[in-house]
């Protein structure tokens, strides 16, 4: 392994799927593309963070209404009412969990939109003092 390979991830570009299956990377006429290791690590960290956020939101959307439906079932059993509290608590928490997921997503998208280079340039033109 040479220094360039040790410093980053070596990617061999291919023109088609057939090239990736049939051709040997060391015979590609255009050679390898070196991607710095920091770039690939940052991308992996961002992917892991995004996957963790998605998993936590999915868990909240499923587990919270199920837990409150169970509590409603216990209340219904104690009071002798059939599915009143079960349905009410389940629907209430499902609506809240959905609202919370949409709200957090739109907050993240607004923050992402504010940090776009075009938006930063626009705000610098509008507010030259800082």
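Readers should treat all values here as calculations from the given coordinates under stated rules, not as data from a laboratory. Values in this document were obtained by computation on a predicted structure and should not be read as measured data. Positions of Cβ are generated from backbone atoms using ideal geometry, with glycine treated the same way; all protein chains shown enter the neighbour counts.
Things to note:
- The calculated FRET efficiency for residue 126 paired with residue 63, based on their beta-carbon distance and R0 = 41 Å, is about 0.40.
- Approximating the spin labels as points 7 Å out from Cα along Cα→Cβ, the residue 111-to-residue 43 distance works out to 2.3 nm.
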